[in-house]
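Colleague: Quick one: structure below, then a few questions.
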Amino acid sequence: MGIGPAIAANPFANPSTTPFINALLGANALTQATATEQLTSSLTFKAIDATLGISGRPQSATGQTTLYTGKNAAAFRGKHQSAFAGGSLRRLIEPYGMFRQVLELGGSATHANCYLPSYFEAIAQRRRRYAVGSLLTLTAGLPFRGLAEYDRGEAVYWDITGDIVHRTHGLPVRRPIRAAQELTAIATQHHLTLFESFLPDFAGHAQDYDQAQAALQRIDTFLEQLITQRPANLTLILSSDHGNVEDLSIKNHTLNPVPLLAVGPEAPAFEAVTDLSGITPIMIKRLRSSLCSYGAATEKSIPR
Ligand SMILES: [Zn+2]
């Protein structure tokens, strides 16, 4: 999702699409005409660049790799690469992935998304390749969450409500508020938690206004719960690999900037981010300082 002009084909221009975000950031904050930087002691909101200095439309694999490594993957590849992380992107994800960096600091990291068995079957049969978030998890040696975790409320499906898990495996759906409570519970147990949703991208490619608005309303309710019930020491960071759903007049991704929203005690640290590559380095820097001071305090408390 990007920040684009308030045209009729932009669902963010309709005040009923994201009532919570509008209340948080001001009416139409997610449309270019009114998007302004907001910086407080607990909130940073700004539009950041997703084109990364490379011509052509931004794509998922290079955008996500850039978000999750802090390295400009589009410049590394010399182009925007779509969908899957095969080939040379692994050369960035494996050494610089944010999960691995957190583990190397002695912290804990997790991917909160639920993965279906059919995903791994398709990969084993070479019918599909790993997406960036999957490779991020795999190369850090972290476990994937699956149906058992979903059933216990310890994994969230990318559609937030689990409609797809219900259709394919008969497990119960949950309301967005419940999914947000489950994600928060996961996040309180880890230094870094990733959740990915592909709802806006699918709706954008479908060019379906009603689907797009329903998807964004679902995300708005999910975010309302995450932000208003946020534990005091937790910082939530929302961003996107590229624009798409904010212009339903075209089938493709857009060149628009994407939102960076940080809410919580670490929010001011993200003020200087200007593009997708800026997020992971700051997360790691802030985690390094908090883990090191925690480590020093723990060490001091050990009797010698
Ligand atoms: Zn797409």
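Colleague: Give me a comma-separated list of calculated 3J(HN,Hα) values for segment 242-250, in order, Karplus coefficients 6.51, -1.76, 1.60 applied at θ = phi - 60°, integers in Hz, x for any Gly or Pro.
Modeller: Per residue, the Karplus-derived 3J(HN,Hα) values read 5, x, 6, 5, 7, 9, 7, 7, 10 Hz.
Colleague: Size of the chain along its principal axes in angstrom, Cα-based, largest extent first?
Modeller: Cα spread of the chain along its principal axes, largest to smallest: 68, 49, 43 Å.
Colleague: Also, quick follow-up: Which one, Thr280, Trp158, Pro143, is farthest towards the positive end of the dipole of the chain when Lys and Arg carry +1 and Asp and Glu -1 on their Cβ?
Modeller: Pro143
Colleague: Another one. Taking neighbour counts of Cβ atoms within 10 Å as a proxy for exposure, in what order, fewest first, do Leu194, Leu136 appear? Could you put the intermediate results ahead of the total?
Modeller: Working: Leu194 19, Leu136 28.
Least to most surrounded, the residues fall as Leu194, Leu136.
Colleague: Per DSSP H run of n ≥ 4, the term is -39500 (n - 2.57); total these for the chain, divide by its residue number, and report the mean residue ellipticity at 222 nm rounded to 500 deg cm²/dmol. Write down the numbers at each step before the final one.
Modeller: Details: 13 runs with 127 residues, N = 304.
For the chain, the value works out to -12000 deg cm²/dmol.
Colleague: What does the charge count near Leu30 come to, summing +1 for each Lys or Arg and -1 for each Asp or Glu among other residues with Cβ under 14 Å from its Cβ? Mind showing how you got there, number by number?
Modeller: Values: positive: Lys46; negative: Glu37, Asp220, Glu246, Asp247.
Charge balance near Leu30 sits at -3.
Colleague: If I stretch the segment between Glu37 and Thr274 completely, what's the gain in nm (0.36 nm per residue apart, minus their alpha carbon distance), one decimal?
Modeller: On the way: separation 237, 0.36 × 237 = 85.32 nm, distance 1.14 nm.
My answer for the length gained is 84.2 nm.
Colleague: Next question. Between Thr161, Thr62, Thr188, where does the largest GNM mean-square fluctuation fall for the chain, given springs only between Cα atoms within less than 10 Å?
Modeller: With Cα springs under 10 Å in the chain, the top fluctuation among Thr161, Thr62, Thr188 is at Thr188.
Colleague: Is the C-alpha gyration tensor of segment 102-246 telling us rounded, prolate or oblate? Criteria: a/c under 1.5 is rounded; beyond that, a/b larger than b/c is prolate, otherwise oblate. Please list the in-between numbers first.
Modeller: Details: a/c = 1.37, a/b = 1.06, b/c = 1.30.
Rounded is the answer for segment 102-246, as its axis ratio a/c remains below 1.5.
Colleague: Let me ask something else. Any idea what the dipole of segment 11-301 comes to, in debye rounded to 20, about its Cα centre with Lys/Arg Cβ at +1 and Asp/Glu Cβ at -1?
Modeller: Details: 25 positive and 24 negative charges, 163 e Å.
Taking the Cα centre of segment 11-301 as origin, the dipole is about 780 debye.
Colleague: Another question, if that's okay. Give the order of Thr254, Thr40, Thr66 when sorted by the count of other beta carbons within 10 angstrom, beginning with the fewest.
Modeller: Working: Thr254 22, Thr40 10, Thr66 28.
Ranking Thr254, Thr40, Thr66 by Cβ neighbours within 10 Å, fewest first, gives Thr40, Thr254, Thr66.
Colleague: Then there's this: Please arrange Tyr209, Tyr157, Tyr96 by how many other C-beta atoms lie within 10 Å of their C-beta, fewest to most. Intermediate results must be reported in sequence, preceding the final value.
Modeller: Numbers: Tyr209 17, Tyr157 23, Tyr96 20.
Least to most surrounded, the residues fall as Tyr209, Tyr96, Tyr157.
Colleague: Another question about this same structure. Can you count the Lys pairs in the chain with C-alpha separation below 21 Å, eight or more apart or on different chains? Walk me through the numbers on the way to the answer.
Modeller: Working: Lys46/Lys71; Lys46/Lys285; Lys71/Lys79; Lys71/Lys285; Lys79/Lys251.
Lysine pair count for the chain: 5.
Colleague: I would also like to ask the following. Add +1 for every Lys or Arg and -1 for every Asp or Glu among the other residues with Cβ under 15 Å from the Cβ of Ala148, and state the total.
Modeller: Values: positive: Arg145, Arg152; negative: Glu149, Asp151, Glu154, Glu182.
Residues near Ala148 contribute -2 overall.
Colleague: Using DSSP H assignments, which helices in the chain have an axial alpha-carbon span of 18 Å or above and a mean Kyte-Doolittle hydropathy of -0.5 or higher? Numbers along the way, then the final one.
Modeller: Numbers: long enough: 209-228 (28 Å, -0.16); 279-301 (33 Å, 0.04).
Qualifying helices: 209-228, 279-301.
Readers should treat all values here as calculations from the given coordinates under stated rules, not as data from a laboratory. Not measured: the values here are computed from a predicted model. Using ideal geometry, Cβ is built from the backbone for each residue, glycine included, and neighbour counts are taken over all protein chains shown.
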